[in-house]
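The structure appears right after this line, and notes come after that.
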Amino acid sequence: MLTWNLQAVGDGVQTPEEDTFWGGKPKLPPAMSVPICGLCGQEMTFFLQAAFPQGHPWQGKSLALFYCTDTWHDQFCLPEAPDVRNLNNADIPSSFLRQYERTFRTLVFDTDQGVLREDCTARIAYQALFPAKSNRPKQDADVILGGEPVWIMGWPERPACVDGNQRLTLLAQIREGLRFPRLEGAPPQVNPFLRSGLSSQPWYHLFARARVYLWGTEEPSGVPVYISVQAQ
């Protein structure tokens, strides 16, 4: 199965031409709103986006991922799990997917419709990413498109479908513990386990440092992306 291990390239200066990167400002269609956290009401932090390359089931589409770094709730520090007996081979209700994005948001759009959004506040240092094609995922790659999931808990949790009829495929995965460098002047990430309530580290983390798996229907269908995680 085709896999693309994303590799850091360039000098760290954002240009409008790049479509796959983390940090900086997102490239979104002009009419698409910058996400707001469902808990605190603040603008979510833009983490990364990827333009799916030719050969990927979602080629021609891009996915942008936002996550709130200004609030913490122990019930929502990880993506909410659907009410199913077993996450492996699970049938995910579309009604669940339409309401579970509270502290994060995935936006999917045609890549050629994205424009650099100056109305979004950059909090993470920009880094362009190049999709290097491979026959298998590189386990220590920061971001992987397509291919097979790298399970870190010793067992699979691969969802099967949405509403019993739309099969799901792995769109991308993000390495556990990945550090996203915080720009100078950007507010620190909330950490309720410290006396100050704020992290002292010069970076942000996604979903309590878990490995992140992003699942979508085999062909883009308008069904929201399903995010699952595994933690060591």
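None of the figures in this text is laboratory data; all of them are computed from the coordinates on show. Every value quoted in this text rests on a predicted model; they were computed, and no experiment measured them. Positions of Cβ are backbone-derived with ideal geometry, glycine not excepted, and every protein chain shown enters the neighbour counts.
So here's what we get for this one:
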| item | result |
| --- | --- |
| Packing-based ranking, highest mean first, of 144-154, 107-117, 123-133 given that Cβ atoms within 10 Å are counted | 123-133, 144-154, 107-117 |
| The chain, relative contact order [Cα under 8 Å, separation at least 6], % | 27 percent |
| Surrounding net charge for PRO82, when Lys and Arg each add one and Asp and Glu each subtract one, Cβ distance under 14 Å | -3 |
| Listed peptides 73-84, 43-54 by packing density, highest first (mean Cβ within 10 Å) | 43-54, 73-84 |
| Summed residue charge, Cβ within 9 Å of LEU170's Cβ, Lys/Arg positive, Asp/Glu negative | 0 |
| Residue-count net charge about THR3 - beta-carbon cut-off 11 Å; Lys, Arg +1, Asp, Glu -1 | +2 |
| In region 125-232, GluC sites (Glu not before Pro) in a DSSP loop with at most 13 other beta-carbon atoms within 10 Å | GLU184, GLU218 |
| Rh by Kirkwood over Cα pairs, then Stokes-Einstein D for the chain at 1.306 mPa s and 10 °C, µm²/s | 88 µm²/s |
| FRET E, pair LEU2, ASP140, Förster distance 22 Å, beta-carbon r, rounded to 0.05 | 0.70 |
